[in-house]
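To start, the structure under review is shown below, and the notes come after it.
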Amino acid sequence: MSKLHGVLILLLMLPPWLCRGAEPSLIRAELKNGTVIEAPLLMEKSNWLLLDLGFDILKIPQNQVADLRVKDSSLSTQKTGTQHSGLYTINSQPPQRSDIKKQVESTSEAVLRVRTPTGLGSGFLIQSDGYVVTNHHVIDGEHEITLTLFEKGESELRPILFDNVRIVALSPHLDLALLKIEGNGGKTLPVLALGDSHSLAQGEDVFSIGSPLGFDRTVSQGIISLRNRPMDGQLYLQSTVQINPGNSGGPLFNLRGEVVGVNNMKIQAVGIEGLSFAIPANRLRVFLDNIDAYAFDARNTNNGYRYNAPMTHHGKGKKGK
């Protein structure tokens, strides 16, 4: 980003803080000569694929690929109905697309306002007993967290505040956090299903719901500009959805009402518009599937577990990058 002189990368919270995004999806590519390769997909173009082999980058012509699929059992769409995978729900048979108005009506109650003593962001429910996803930078360094759900009443929306909120897991690197509403009186909360961000197409319609600048339940619409935008060694969903400080941690939806991304930053400068970024839902799934690795311990000043550096032959730890 050093080439963009005078450009500000704005994390969508009040105030904005630094974060990072998502990692590539693991794919299985079967070539026409019978070779099978399983590796993270760095980039997909109309005429070639770019795979990460760990020690090298492999470029494969598309005309040599016989079969390509995401290597992730949670993404299977062969069954019908709804599947529950640990902490989250996925639709094994994607629902029908519909207009944004209908999708907003069916999804907005599961989008929450996230407030701390120093900032404001958004979040969304992934489990009916109170598990909430947001960005790490929204709650970084805070323990007093208030969540607000807007429930539909007979004539108006009714805000419901939850101030007994526990931090379950954090990842500064992924800029993801998992919260848990405690003591909600056994109330069954609305939830959102996670979609397959890998299946998004360039130009596909998407929309967002959040609390930009504190304006709750704000809806904005756009398209996917690029599904795999590399920035600082990570991959993001780039979209034209208008998002602002306070949108951090809120969901990015497809027109099936599935969460395909977690909004977390935008690029802002004079003359620059329509450059918004989200953490892909597939990266969120990896975070939730491996939640023990990111478990939060209030007694530890670090987030999650601390792993010692491997020993060298001199008996000293090797410092990681």
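The values are calculated or read from the model by the stated rules, or taken from the named source; none is laboratory data. Since this is a predicted model, take the numbers as computed values, not measurements. Please note: Cβ atoms are built from the backbone with ideal geometry, for glycine as well, and neighbour counts cover all protein chains shown.
Per-residue answers, yes or no, for (1) surrounded by fewer than 14 Cβ atoms within 10 Å (Cβ to Cβ); (2) over 18 Å from L284 (Cα atoms):
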position	(1), (2)
T107	no, yes
V114	no, yes
E156	yes, yes
I181	no, yes
G195	no, no
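Of all the criteria given as (1) within 19 Å of I267 (Cα to Cα); (2) at pLDDT below 95; (3) of a type outside the set (S, T, N, Q), the one not satisfied by V206 is (2).
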